[in-house]
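Engineer: Take a look at the following structure, please.
Throughout, read-outs are computed from the coordinates displayed, never taken from laboratory work. None of the values given here were measured: they were computed from a predicted structure. Glycine also receives a Cβ, built like all others from the backbone with ideal geometry; neighbour counts cover every protein chain displayed.
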Ligand SMILES: C[S@@+](CC[C@H](N)C(=O)[O-])C[C@H]1O[C@@H](n2cnc3c(N)ncnc32)[C@H](O)[C@@H]1O
């Protein structure tokens, strides 16, 4: 599909390297997805950067920023595209809707569905639509439909779909996605749940959805009618020493009071639960988000940690518990469990009048985590009575999402 001149030998070698790296990272798991990463010339879809950068496995290429410099459109990192396509299990002949267009991912999908399939990619931003349409045409994928619209409404003119792949962070499932999905269809969506984003592979299950496959990811925020911004409450702002709380809509905190207690007395509580350094504890974070009412995320810069303002740092946020008195809170912390630092222990640091209770509650939630457990996510129509649901319930406009941990009950 692509001229030999444009797709130079150098880029072919870079693609081969990328495929090897994606395999080593565990993002590529099947030969059809591996083959399409080998086939589609990624560099043609990111002419803004040199080829070597285009083929970096972990790097998204930002293609548009808003007035504040926040990324609003990008061609996602190849690693994320690879595992989402594996989650989607796209086969020849399928009709696929991609929500959020960059061009490249739609081309990968077009290769997966082949000549008998159909791909529609939809974006809310006319500039992005124009860019994707132009690049897809130039790279030989002019048969991909590129549509301007709000992803929350899906693409009724091209429905029904076997697969819907959402590539902007959603805070809930849009009813149009389920309505436009075939009975055995699948939706892969980066879903934000209590501040944590996971790419979730939902299989249709009657009038709802069920998922057991989810992966950590990060995406630009959904715009349009499905946009649900989080609030950032600033707790400390002194040059590069910054601490804040990221709150989902509906969660309230007395910002003045919490700010005041951050510099006051503190209490620590340690759990006895340890992990080796660099081992992911993403499932612990999801467990805490589902186990704690009053869960928020504390964001902090490394400088804030280094100067003793807080004991943990993360731009994305560490698990925090807002205590019932509205003036106390605790956040997740780590300390070496032995001299050699072969293991780290999880604990909690609390502040405020109920610092001890908040820290103990967070440490106790860590102790109740089963590292072997994986969550099951289900989406039920909003009319489903609570008695029929189990696990942590996150209510959206059209769906009630439940997150349960089956192995925990055994
Ligand atoms: C990460 S980019 C898409 C990446 C792309 N799939 C690729 O090839 O890597 C996310 C896109 O979602 C788009 N977007 C955000 N909200 C949207 C909405 N409500 N409907 C459609 N597109 C939306 C943004 O304009 C942005 O271009």
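Engineer: Cα extents of the chain along the three principal axes, largest first, in whole Å?
Structural biologist: 67, 49, 43
Engineer: Now, a different point. Using alpha-carbon pairs under 8 Å, 6+ residues apart, how would you state the relative contact order of the chain in percent? Provide the component values of the computation, followed by the final result.
Structural biologist: On the way: 898 pairs, mean separation 41.3, N = 410.
For the chain, the relative contact order is 10 percent.
Engineer: Give or take rounding to whole Å, what are the principal axis extents of the alpha carbon atoms in the range 9-226, in descending order?
Structural biologist: On the principal axes, the range 9-226 reaches 49, 41, 34 Å in Cα extent.
Engineer: Next up: What does DSSP give for the range 9-226 in terms of the percent of beta bridges that are antiparallel, rounded to the nearest 5? Walk me through the intermediate numbers first.
Structural biologist: Values: 19 of 38 bridges.
In the range 9-226, DSSP labels about 50 percent of beta bridges as antiparallel.
Engineer: Can I ask one more? With r defined as the distance between the Cβ atoms of residue 228 and residue 390 and R0 fixed at 25 Å, what FRET efficiency is calculated, to the nearest 0.05?
Structural biologist: Values: r = 25 Å, r/R0 = 0.99.
Between residue 228 and residue 390 the formula returns 0.50.
Engineer: Please build a GNM for the chain, connecting alpha carbons under 10 Å apart, and tell me which residue among 398, 337, 159 fluctuates the most.
Structural biologist: 337
Engineer: So between residue 339 and residue 325, what do we pick up on full extension, going 0.36 nm a residue minus the alpha carbon distance?
Structural biologist: Working: separation 14, 0.36 × 14 = 5.04 nm, distance 3.78 nm.
Result for the pair: 1.3 nm of gain on full extension.
Engineer: Antiparallel as a % of all DSSP beta bridges within the range 15-130, to the nearest 5? Walk me through the numbers before you get to the answer.
Structural biologist: On the way: 4 of 9 bridges.
Of the beta bridges lying entirely in the range 15-130, close to 45 percent run antiparallel.
Engineer: If you fit an axis through the alpha-carbon atoms of helix 78-88 and take the longest principal axis of the Cα set of the chain, what angle between them do you get, 0 to 90°, nearest 10?
Structural biologist: Tilt of helix 78-88: around 80 degrees.
Engineer: On to the next question. Give me the distance in nm between label points sitting 7 Å out from Cα along the Cα-to-Cβ direction at residue 368 and residue 48, one decimal.
Structural biologist: 4.5
Engineer: Using a Gaussian network model of the chain with C-alpha springs under 10 Å, which one of 59, 257, 388 is most mobile by mean-square fluctuation?
Structural biologist: 388
Engineer: In the chain, what % of DSSP beta bridges are antiparallel (nearest 5)? Before the final figure, lay out the partial values.
Structural biologist: Working: 66 of 85 bridges.
Around 80 percent antiparallel, to the nearest 5.
Engineer: Treat each spin label as a single point 7 Å out from the Cα along the C-beta direction, and report the residue 145 to residue 23 distance in nm.
Structural biologist: With each label point 7 Å from Cα toward Cβ, the separation is 3.6 nm.
Engineer: Divide, for the range 231-367, the radius of gyration over alpha carbons by 2.2 N^0.38 Å, where N is the residue count. Write down the numbers at each step before the final one.
Structural biologist: On the way: Rg = 13.9 Å, N = 137, 2.2 N^0.38 = 14.3 Å.
In units of the 2.2 N^0.38 Å rule of thumb, it is 0.98.
Engineer: Something else now. In degrees between 0 and 90, to the nearest 10, how far off the longest principal axis of the chain does helix 126-138 point, with axes built from Cα atoms?
Structural biologist: 40
Engineer: Of 182, 204, how do they rank once you tally other Cβ atoms within 10 Å and put the fewest first? Please list the in-between numbers first.
Structural biologist: On the way: 182 14, 204 18.
Ascending Cβ contact count within 10 Å gives the list 182, 204.
Engineer: Let me have the 222 nm mean residue ellipticity of the chain computed from DSSP H runs of 4+ only, each contributing -39500 (n - 2.57), with the sum over all residues rounded to the nearest 500. Please report the intermediate quantities before stating the final value.
Structural biologist: Numbers: 12 runs with 108 residues, N = 410.
Using -39500 (n - 2.57) per qualifying helix, the result is -7500 deg cm²/dmol.
Engineer: Sticking with this one: Kindly state, to the nearest 0.05, the FRET efficiency for residue 254 paired with residue 71, given R0 = 35 Å and r defined as their beta-carbon distance. Don't skip to the answer; put the middle values down first.
Structural biologist: Numbers: r = 32 Å, r/R0 = 0.92.
Once the sixth-power term is evaluated, E becomes 0.60.
Engineer: Follow-up question, since we're still on this one. Quote to one decimal, in nm, the extra length available between residue 184 and residue 210 on full extension: 0.36 nm per residue of separation minus the C-alpha distance between them. Provide the component values of the computation, followed by the final result.
Structural biologist: Numbers: separation 26, 0.36 × 26 = 9.36 nm, distance 1.16 nm.
Once the chain is fully extended between residue 184 and residue 210, it gains 8.2 nm.
Engineer: Then there is this: What residue among 97, 68, 275 shows peak mean-square fluctuation when the chain is described by a Gaussian network model with Cα springs under 10 Å?
Structural biologist: Largest GNM mean-square fluctuation: 68.
Engineer: Hey, can you rank 351-358, 118-125 by average C-beta count inside 10 Å, highest first?
Structural biologist: Values: 351-358: 21.8, 118-125: 24.1.
Per-residue mean Cβ counts within 10 Å order the peptides as 118-125, 351-358.
Engineer: Calculate how steeply helix 355-367 sits against the longest principal axis of the alpha-carbon atoms of the chain, using the helix alpha-carbon long axis, and give the answer as 0 to 90 degrees to the nearest 10.
Structural biologist: So the inclination is approximately 50 degrees.
Engineer: Further question on the same structure: Counting pairs of alpha carbon atoms under 8 Å apart in space and at least six apart in sequence, what relative contact order in percent does the range 248-360 give? Working shown, then result.
Structural biologist: Working: 218 pairs, mean separation 38.3, N = 113.
Answer for the range 248-360 is 34 percent.
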